Amino acid sequence: METIPEVHLNTASGIKAMPLIGMGTAVYPFGSSETILQEAILSAIKVGYRHFDTAAIYQSERPLGEAIDKAISMGFVRSRGELFITSKLWCGDAHPDRVIGALQTTLRNLQMEYVDLYLIHWPVSIKPGRELPFSKDEIMEFNMRSVWEAMEECYRLGLAKSIGVSNFSCKKLEFLLSFAKIPPAVNQVEVNPLWQQKKLREFCKDKGIQVCAYSPLGAKGTVWGTDQVMANKVLQEIAQAKGKSLAQICLRWVFEQGDCVLVKSFNEERMKQNLDILNWELTADERNKIGQISQCKGSPAEVFVSCNGPYKTLDELWDGEI
Ligand code: A2P
């Protein structure tokens, strides 16, 4: 198997870099499939994945930690240090006095002393301690400055080797950069051929922020995803003509943009297939065809929009980038 290319993040302490292909662990309903998840993660480590993306709200931290423990005892990896682990601060903990405690809970779940990357999951706060579901009147003003200061403290304490955000627009990143003492290393957002995010990716590149792409296949079959990506005719034609799967075309396209790809599969053959995107490339003509696919966001996240909350429309949540 080819070595997965890595990138050095702008705030990463030490020498460990982030592998540009990672495995997602969000399975809905959250917390419903711990054993399946643990087995899938173990298989993923066995076939070569070294980067795992979790979040407090996914309830996948504990099975991830257990799978890693098993992987070490089975000799798939020598130590936790060979893996790159990302987790995320949930909105109910996006309050300055809750951030460090939330990360400590995450670390207990993972049975780890640090995460490689810790992200603010959404630019949203909900009532302290609330999880899912929450009601619209529990959405509160998000104090980006004070929450980010607490994230910076997580970095200084060594609990997170790098810090970043998720689901932030250019406007929100611009504001964050105006006061951050430690700039965000990563913005993790939805990216796939049907939601290419050209403006946001250019902005991030210019500012040295690494984009990580979630739902690179559109997260088919989930409550937040769309079937449209895997059913797209242009992608189907390219895949057929090239002798690749449609999934591989999507993943290669994301990878060629320089983004980190976070893909999820619980099937070992598809896990391998999803890693097999490194020793071939798309032609200029194929990239051009993909560039012309009409755009449609798969996960607009209406759940965070409320008539009395800080975001009254989707346009406000995404600052017009929708
Ligand atoms: P499965 O676990 O059965 O492979 P995303 O990464 O965008 O969230 O998409 C995840 C979904 O895509 C899962 O339903 C997963 O199903 C499916 N999937 C992952 N890899 C492939 C692949 N190579 N071909 C087809 N479907 C895939």
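Scan the stretch 1-37 for residues that are over 19 Å from the mean Cα position of the chain (by Cα), within 15 Å of the ligand (Cβ to nearest atom) and not β-branched (Val, Ile, Thr) and the total you get is 2.
Within the stretch 55-72, residues that are touching a residue at least 12 places away in the same chain (Cβ under 8 Å) and over 13 Å from GLU39 (Cβ atoms) have Cβ atoms under 6 Å from residues that are aromatic (Phe, Trp, Tyr) and surrounded by fewer than 22 Cβ atoms within 10 Å (Cβ to Cβ) in these pairs: TYR58/PHE30; GLN59/PHE30, counting only partners at least 6 apart in sequence or on another chain.
Of all residues in the stretch 63-79, those that are over 15 Å from TYR28 (Cα atoms) and crowded, with 18+ Cβ neighbours inside 10 Å total 7.
Scanning the stretch 213-264 for residues that are among the small types (Gly, Ala, Ser) and within 12 Å of the ligand (Cβ to nearest atom) returns ALA213, SER215, GLY218, ALA219, GLY221, GLY225, ALA231, ALA239, SER245, ALA247.
Count of the stretch 127-169 residues, restricted to those that are part of a strand (DSSP E or B) and closer than 30 Å to GLN196 by Cβ, is 6. Taking each residue of the stretch 263-277 that is in contact (Cβ under 8 Å) with a residue 60 or more places away in the chain and looking for partners that are assigned to a loop (DSSP other than H, G, I, E, B) and within 6 Å of the ligand (Cβ to nearest atom) with beta-carbon atoms closer than 8 Å, six or more apart or interchain, yields VAL263/PRO216; VAL263/LEU217; LYS264/ALA219; MET271/SER265; ASN274/SER265. Please tell me if GLU174 is surrounded by fewer than 16 Cβ atoms within 10 Å (Cβ to Cβ), in contact with a Leu (Cβ under 9 Å, 6 or more places away or on another chain) and not aromatic (Phe, Trp, Tyr). Spelling it out, it is not the case that GLU174 is surrounded by fewer than 16 Cβ atoms within 10 Å (Cβ to Cβ), in contact with a Leu (Cβ under 9 Å, 6 or more places away or on another chain) and not aromatic (Phe, Trp, Tyr). The single condition among (1) of a type in the set (Val, Ile, Thr); (2) surrounded by 14 or more Cβ atoms within 10 Å (Cβ to Cβ); (3) within 16 Å of the ligand (Cβ to nearest atom) that ILE100 does not satisfy is (3). For the stretch 265-298, the set of residues classified as within 14 Å of the ligand (Cβ to nearest atom) and of a type in the set (Gly, Ala, Ser) consists of SER265, GLY298, listed by residue number. Checking GLU131, GLU82, GLU113 one by one, the residue that is on the phi < 0 side of the Ramachandran plot, surrounded by fewer than 20 Cβ atoms within 10 Å (Cβ to Cβ) and touching a Phe, Trp or Tyr at 6+ places or on another chain (Cβ under 9 Å) is GLU131 and no other.
Of the residues making up the stretch 20-55, just one is surrounded by fewer than 22 Cβ atoms within 10 Å (Cβ to Cβ), aliphatic (A, V, I, L, M) and touching a strand residue (DSSP E or B) at 6+ places or on another chain (Cβ under 7 Å), namely LEU20.
Every read-out reported here was derived from the displayed coordinates using simple, explicitly stated rules and does not represent laboratory data. Please read all numbers here as calculations on a predicted model, not as lab measurements. A quick note on method: Cβ atoms are made from the backbone with ideal geometry, for glycine too, and the neighbour counts reach across all protein chains shown.
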